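Trainee: Below is a structure I'd like to ask you about.
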Amino acid sequence: TLVGEAQNTEGALAAGQSVIGWVPTGAVAEHTIVPTDAVLRNEMGTIVYVARAQEEGPAQAIPMNISVLFELPGRVVVAGSGLRAGDQVVVEGKERLYPTAPIIPMLVDGEGLAAGGAVGADEAAGDD
């Protein structure tokens with residue numbers, strides 16, 4: 001438990017109210033962030049499926065093992081070899097996929113991709 005004081009000039013907090021916060025304990029570092037909906041936990045471990053383009057035919061769903069470092073609202077900060085900033089990760093329909101399954105990425109709601117589609121992984125500083 002950490003107890004502290006906060007300026008409440010806008011009156012957003014009530015007296016005695018609890019809050020949850022993150023306290024950095026290490027050096028600032030670059031981390032990969034993916035949507036929470038992209039993370040799948042199954043018998044292969046904790047993975048995300050990445051859409052990889054092929055020379056011929058549709059893209060393939062490639063599973064990437066990841067470690068969840070911490071979670072943010074709607075996003076997950078992850079570490080994993082092979083996962084790069086800008087990769088398209090599957091956010092809907094991932095439960096039905098298998099390694100190298102053919103997929104056709106489709107943009108949904110201007111943000112994520114569905115039905116075997118993908119959304120880009122972002123790289124951000126670890127000071128979120």
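Trainee: Heavy-atom accessible area of Met64 with all protein chains present, probe 1.4 Å, nearest 10 Å²?
Mentor: Met64 has an accessible surface of roughly 30 Å² with all protein chains in place.
Trainee: Next question, about the same structure. At a Förster radius of 22 Å, what calculated FRET efficiency corresponds to the Cβ-Cβ distance of Leu69 and Ile20, to the nearest 0.05?
Mentor: 0.85
Trainee: Now a separate question. Starting at the first residue of the range 76-85, write each ³J(HN,Hα) from the Karplus equation 6.51 cos²θ - 1.76 cosθ + 1.60 with θ = phi - 60°, in whole Hz, x for Gly and Pro.
Mentor: Result, ordered by residue: 10, 8, 10, 10, x, 6, x, 8, 10, 4 Hz.
Trainee: Between Met44 and Leu107, with labels modelled 7 Å along Cα→Cβ, what's the label distance in nm to one decimal, could you check?
Mentor: 2.7
Trainee: Using Cα-only point scatterers and the Debye equation, what is log10 of I(q)/I(0) for the range 1-109 at each q in 0.10 Å⁻¹, rounded to two decimals?
Mentor: Scattering profile of the range 1-109, log10 relative to I(0): -0.43.
The values are calculated or read from the model by the stated rules, or taken from the named source; none is laboratory data. Please read all numbers here as calculations on a predicted model, not as lab measurements. Heads up, the Cβs are rebuilt from the backbone with ideal geometry, glycines too, and the neighbour counts pull from every protein chain shown. Only protein heavy atoms, including side chains, enter the accessible area calculation; ligands, DNA and RNA are left aside. Shrake-Rupley method; radii C 1.70, N 1.55, O 1.52, S 1.80 Å.
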